[in-house]
Amino acid sequence: MYKHEETWLSPSLNMEMSIASYGDYGRPLLFFPTAAADYLEHERFLMIDFLEPFIEAGKIRVFSIGGINREAWLNKNCHPKIKGLLQNGYNDYVAREVVPYIWNACNGNHGIITVGASLGAFHAANQLFRRPDLFAGTIAMSGGYDIRDYYESYGYHDENIYFNNPAEYLPNLWDDYHLPMLQNKRDIYILSGQGDYEKPEASRWLSNVLASKGIPHKLDLWGYDMPHDWPTWRAMMPHYVGAYL
């Protein structure tokens, strides 16, 4: 399986950011890390191995990036104002640097699907909802879509936080630009296990909001034997790639 890595100094974040790609061609999937991990997390936890048959067959091409969770949302010493600014910088990094990189690697826009589990599901969904002009859909696994726990104790709130918290901005999304594009998506998959440490109610909430806005999607709650952990996500991804992409 072909693998390629690149690192550059991101002008959006003013820090070095790396990306790994797996495969030569296929539908591009953009993976976000679960928490404070780096761009190689999905390889270390064998997700790439489980997807290798689809990568080798040219069905998908995987791109995996790092995040800013360690510096921002998971950093208890970081003020929410800075967290929001870092998230906006990350949004710019994804939109202005990663997306063009993928387009160039794939010789055009072939409909990027964002993918993430746990905190990565928040990022995957947030990127789609904010920029449906750039992304074709998402596979969001075991996610939470309300980030208030990461800033509310400070008693601080601003528009950078609001517009990066789906629990706040998504119910109020009734504009004539973003909403029609989301209503035309066909690859929005909201998944969760119901076992240990899972919060399927978060996925149900997101599904209800999307349904209220006429946004097509699939909610899929797996069994009570499926915990909030990599074995669950390694089972979900091959199933969805094989059945729906």
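Coordinate-derived values only; no laboratory data. None of these values were measured; they are calculated from a predicted model. We place every Cβ from the backbone using ideal geometry, glycine too, and count neighbours over all the protein chains shown.
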query = Per residue and in cubic angstrom, what volume does the convex hull of the Cα atoms of the chain have?
reply = 118 Å³
ask   = Roughly what would the spin-label model give for E6 and D220, points 7 Å off Cα along C-beta, in nm?
value = 3.1 nm
ask   = In percent, what relative contact order does the chain have, based on Cα pairs under 8 Å that are 6 or more apart in sequence?
value = 17 percent
request  = Take every DSSP beta bridge whose two residues both sit in segment 3-244, then give the antiparallel share in percent to the nearest 5.
outcome  = 35 percent
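Where does the chain land at 222 nm, in deg cm²/dmol rounded to the nearest 500, when only DSSP H runs of n ≥ 4 count, each adding -39500 (n - 2.57), divided by all residues?
-10000 deg cm²/dmol
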Mean Cβ neighbour count within 10 Å, used as a protection proxy, ranking 70-76, 138-144 highest first = 138-144, 70-76
